[in-house]
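The values are calculated or read from the model by the stated rules, or taken from the named source; none is laboratory data. What you see is a predicted model, and the numbers here were worked out from it, not measured in a lab. Note that each Cβ is placed from the backbone with ideal geometry, even for glycine, and that neighbours are counted across all protein chains shown.
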Amino acid sequence: MLHNQNTSFLCVPRYYSSPLGIVFANTTFMKVKTTVILIIDSDDDNSLELKEALLNNGFDVLETLNVIHNNVERPEGYDSASALICQFRHVKNIYLDAIANWVQTKPCPVIIFTNDDNSDAIEKSVKIGVNAYIVDGFNSQRIKPIIEVAINRFKNFQSITEELHKTRQQLNDRKLIDKAKGILMKSKNMDEQQAYNSIRKMAMDKSKSMSDIARSIIDVMEIML
């Protein structure tokens, strides 16, 4: 998929079959707009202006959720949204708590436009993962770059988080394998390489990861003790 600002281009290959197999004839590029959910806490003209500004800048507004009466149910289209765009007169804890629950279930970029410069609201917004907190409302000329930067920041953060999780998992797996090697070396009178080869062979024979086999060895030893 190719990306161009707030529009993605989905490559759809056209192909036909032949006696030699599938042959790609050409590729069609389909525009896929960035989809957003708009969350507001009023019925005034500013909310209508924000929605109009989003549409004029090429964003697809899937749904508009008005939380003016503290209706903070998760939007139906949340799972399909590329970002949450919020316009709040006052950034209430009930709004932030709801957003925090949503992004824990499925991470999503969050942008807040508001006139609320309360430091507590700003601090809590940062803690729950809000990617942009814009005070003094919105400017239709700035809304597109603000949202694009926030989405890219979110993607970069997600990439770093996933890499960190992967690294931690690898370290945990290594600790398990080292512990299992120690058990085999002591109980089977093996050297370190023999213990490692034994764990690897069991993993290959059972089509499991070495960390899974190591965990099983540790569990068995704990039961025996």
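Results, tabulated for the structure shown:
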quantity: Residue check, F113 buried (at least 18 other Cβ atoms within 10 Å of the Cβ), under 18 Å from E49 (Cβ atoms) and at pLDDT below 90; calculated: no
quantity: Residues of the stretch 51-75 classified as closer than 15 Å to I111 by Cβ and over 25 Å from the mean Cα position of the chain (by Cα), total; calculated: 1
quantity: Residues of the stretch 191-211 satisfying the condition of being crowded, with 16+ Cβ neighbours inside 10 Å and either acidic (D, E) or not in a helix (DSSP H, G or I) (or both); calculated: none
quantity: Single match in I218, I151, I160 (criterion: in contact (Cβ under 8 Å) with a residue 40 or more places away in the chain, closer than 30 Å to S82 by Cβ and assigned to a helix (DSSP H, G or I)); calculated: I151
quantity: Selection status of N131, of a type outside the set (A, V, I, L, M) and in contact with a Lys or Arg (Cβ under 6 Å, 6 or more places away or on another chain); calculated: yes
quantity: Which listed residue is in the same structural domain as E73 (by TED's automatic domain parsing), outside any loop (DSSP other than H, G, I, E, B) and surrounded by 12 or more Cβ atoms within 10 Å (Cβ to Cβ), from L176, L184, L96; calculated: L96
quantity: Matching entry among A203, A180, A132 (being among the small types (G, A, S) and touching a Ser or Thr at 6+ places or on another chain (Cβ under 7 Å)); calculated: A203
quantity: Residue count, the stretch 41-93 (criterion: crowded, with 19+ Cβ neighbours inside 10 Å, closer than 18 Å to N118 by Cβ and not hydrophobic (A, V, I, L, M, F, W, C)); calculated: 2
quantity: The stretch 60-82: number of residues that are assigned to a loop (DSSP other than H, G, I, E, B) and farther than 20 Å from A121 by Cα; calculated: 7
quantity: Residue that is surrounded by the most Cβ atoms within 10 Å (Cβ to Cβ) [pool: residues in the stretch 99-110 that are closer than 15 Å to E73 by Cα and among the β-branched types (V, I, T)]; calculated: I99
quantity: Meets criteria (in a helix (DSSP H, G or I) and either within 23 Å of V149 (Cβ to Cβ) or in contact with a Gly (Cβ under 8 Å, 6 or more places away or on another chain) (or both)) for I85; calculated: no
